[in-house]
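Novice: Structure provided below as structure tokens; questions to follow.
Values in this text are rule-based calculations from the coordinates and carry no lab data. Just so it is clear, the structure is predicted and the values come from calculations on it, not from any experiment. Because the Cβ atoms are built from the backbone with ideal geometry, glycine has one as well, and the counts that use them run over all protein chains shown.
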Amino acid sequence: MDSAAPTDNARVALLLREAAALLAAQGANRFRVAAYRQAADGIAALARDVGALFEAEGRAGLDALPGIGPGLANAIAEILSTGRWGLLDRLRGEVDARLVFRAVPGVGPALSERLHDELGIDTLEALEAAAHDGRLAGVRGLGERRAQGIAAALAQMLDRGRPRRAPPPAAEPEVSVLLDVDREYRARAQAGELPTLSPRRFNPGGQAWLPVLHTQRGDWHFTALFSNTARAHELHREHDWVVLFFHDGDQVQRQHTAVTETRGPLAGRRVVRGLEPACERWYARAGGEPAP
């Protein structure tokens with residue numbers, strides 16, 4: 001065995017087990033917890049160095065490992081490429097998209113902050129999705145050409161330069177489901193029923209104030225938290241904007257942000273940013289009330 005193998009395999013397995021432990025402590029679905037633990041056991045027992053495997057075969061090689069799949073392959077690729085894992089940072093209350101995105105060549109401190117605030121994302125997975133669906137090019141001061149350069153750097157970083165076709169548009173929960181998770185989170189947070197995190201940013205006293213919800217709707221698993229971002233604090237919306245992270249059975253993480261609309265026909269109502277037309281249609285069908 002490569003002398004470096006125990007280091008890479010043990011490090012990845014340790015982070016997967018920590019994620020499983022935090023998810024369990026925060027009340028996440030037991031099958032999701034079990035998936036991370038089983039992946040950790042598989043990586044720890046792997047005869048080959050997982051870093052060497054990724055170097056040789058990219059995410060496809062990770063995805064082919066027993067018990068891994070595309071979502072966990074993305075997570076392991078992020079760990080090996082950047083030394084960080086956005087999901088684990090989020091579970092710890094330490095997420096800082098400025099550091100996550102600065103690992104991508106061509107992304108500096110100011111741009112990393114804009115990517116986080118304007119796109120409402122904090123993972124490399126979400127940044128890659130934004131590059132493919134055109135949202136990245138729309139970020140203030142970026143433009144199509146620079147967005148393409150960042151997309152290429154991101155692909156090279158995560159897949160070691162192997163050409164990949166753009167993924168097909170991913171299925172997402174209905175707007176009614178997203179709004180219902182938002183409703184559950186805000187109600188239970190207000191009632192003090194949720195475990196709380198001590199976020200690293202904007203929390204000089206180290207207080208455990210950020211509620212976290214793990215819940216499920218059908219095949220969709222959700223994690224919900226208030227948006228602890230510079231923009232949210234600047235606008236005093238840190239207890240209004242709710243970031244909804246979700247994945248299906250493949251564990252591929254995506255996210256949306258729910259807010260109270262301040263203008264237009266939906267003013268005063270909860271909407272999902274980027275899905276306002278769908279929210280308006282749903283409110284019209286539902287008689288103006290959120291999902292029960």
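Novice: For residue 213, which sequence-distant residues (separation of 5 or more, or a different chain) have an amide H within less than 5 Å of its own amide H, given hydrogens modelled in the peptide plane?
Specialist: 224
Novice: Quick check: pseudo-label points 7 Å beyond the Cα along Cα→Cβ at residue 284 and residue 38, how many nm apart are they?
Specialist: 4.4
Novice: How would you rank 210-218, 239-247, 73-81, highest first, on the average number of other Cβ atoms within 10 Å across their residues?
Specialist: The most tightly packed comes first, giving 73-81, 239-247, 210-218.
Novice: Given contacts defined as C-alpha pairs under 8 Å and at least six residues apart, what's the relative contact order of the stretch 5-91, whole-number percent?
Specialist: Working: 86 pairs, mean separation 26.5, N = 87.
Value for the stretch 5-91: 30 percent.
Novice: Mind ordering 257-264, 219-226 by average Cβ neighbours within 10 Å, highest first?
Specialist: Details: 257-264: 15.2, 219-226: 20.9.
Going by the mean number of other Cβ atoms within 10 Å, highest first, we get 219-226, 257-264.
Novice: What does the charge dipole of the chain about its Cα centre add up to, to the nearest 20 debye, if the Cβ of each Lys and Arg holds +1 and the Cβ of each Asp and Glu holds -1?
Specialist: Working: 36 positive and 37 negative charges, 74 e Å.
The calculated dipole for the chain is roughly 360 debye.
Novice: Now for a separate question. Relative to the present Cα-Cα distance, how much length would full extension add between residue 132 and residue 171 at 0.36 nm per residue of separation? Can you show the working numbers first?
Specialist: Working: separation 39, 0.36 × 39 = 14.04 nm, distance 1.47 nm.
Gain in length upon complete extension: 12.6 nm.
Novice: What does the highest-first list of 174-186, 117-129 look like by mean Cβ count within 10 Å?
Specialist: Values: 174-186: 20.6, 117-129: 22.9.
The densest-packed peptide leads the list: 117-129, 174-186.
Novice: Membrane-span-like helices in the chain: DSSP H runs reaching 24 Å or more (Cα, own axis), mean Kyte hydropathy at least 0.5? Walk me through the numbers before you get to the answer.
Specialist: Values: long enough: 5-25 (30 Å, 0.75).
Going by DSSP H runs, the hits are 5-25.
Novice: Considering the options 60, 85, 126, tell which one lies farthest towards the positive end of the dipole of the stretch 1-128, charges being +1 on Lys and Arg and -1 on Asp and Glu at the Cβ, about the Cα centre.
Specialist: Farthest towards the positive pole: 85.
Novice: Kirkwood Rh over alpha-carbon pairs of the chain, then Stokes-Einstein at 37 °C and 0.692 mPa s: what D in µm² s⁻¹, rounded to an integer? Each step should come with its number before you reach the end.
Specialist: Values: Rh = 19.9 Å.
Roughly 165 µm²/s, to the nearest whole number.
Novice: Separate question: How far apart, in nanometres, would the label points at residue 233 and residue 262 be if each is projected 7 angstrom from Cα along the Cα-to-Cβ direction?
Specialist: Spacing of the two 7 Å Cα→Cβ label points: 1.8 nm.
Novice: Quote the relative contact order of the chain in percent (integer), defining contacts as alpha-carbon pairs under 8 Å separated by 6+ residues.
Specialist: Numbers: 424 pairs, mean separation 43.3, N = 292.
Relative contact order for the chain comes out at 15 percent.
Novice: Taking the Cα centre as origin and putting +1 on Lys and Arg beta-carbons and -1 on Asp and Glu beta-carbons, what dipole magnitude results for the stretch 175-286, to the nearest 20 debye? If you can, show how the numbers build up before the last one.
Specialist: Values: 15 positive and 13 negative charges, 52 e Å.
Around 240 debye, computed over the stretch 175-286.
Novice: Which value, in nm² and rounded to one decimal, describes the direction-averaged projected area of the C-alpha convex hull of the stretch 4-101? Numbers along the way, then the final one.
Specialist: Working: hull surface 23.7 nm².
With the hull built on Cα positions only, its mean projection is 5.9 nm².
Novice: Does the stretch 96-159 classify as rounded, prolate or oblate by the C-alpha gyration tensor (a ≥ b ≥ c root eigenvalues; a/c under 1.5 gives rounded; else a/b over b/c gives prolate, otherwise oblate)? Can you show the working numbers first?
Specialist: On the way: a/c = 1.29, a/b = 1.04, b/c = 1.25.
Rounded is the answer for the stretch 96-159, as its axis ratio a/c remains below 1.5.
Novice: Using the Cα centre as the reference, give the magnitude of the dipole from point charges on the C-beta atoms of the stretch 74-154 (Lys, Arg: +1; Asp, Glu: -1; all else neutral), rounded to the nearest 20 debye. Please report the intermediate quantities before stating the final value.
Specialist: Details: 10 positive and 12 negative charges, 46 e Å.
Around 220 debye, computed over the stretch 74-154.
Novice: Let me ask you something else. What fraction, in whole percent, of alpha-carbon pairs in the stretch 175-286 exceed 23 Å separation? Let's see the in-between values first.
Specialist: Numbers: 1877 of 6216 pairs.
Summing the P(r) of the stretch 175-286 above 23 Å gives 30 percent of all pairs.
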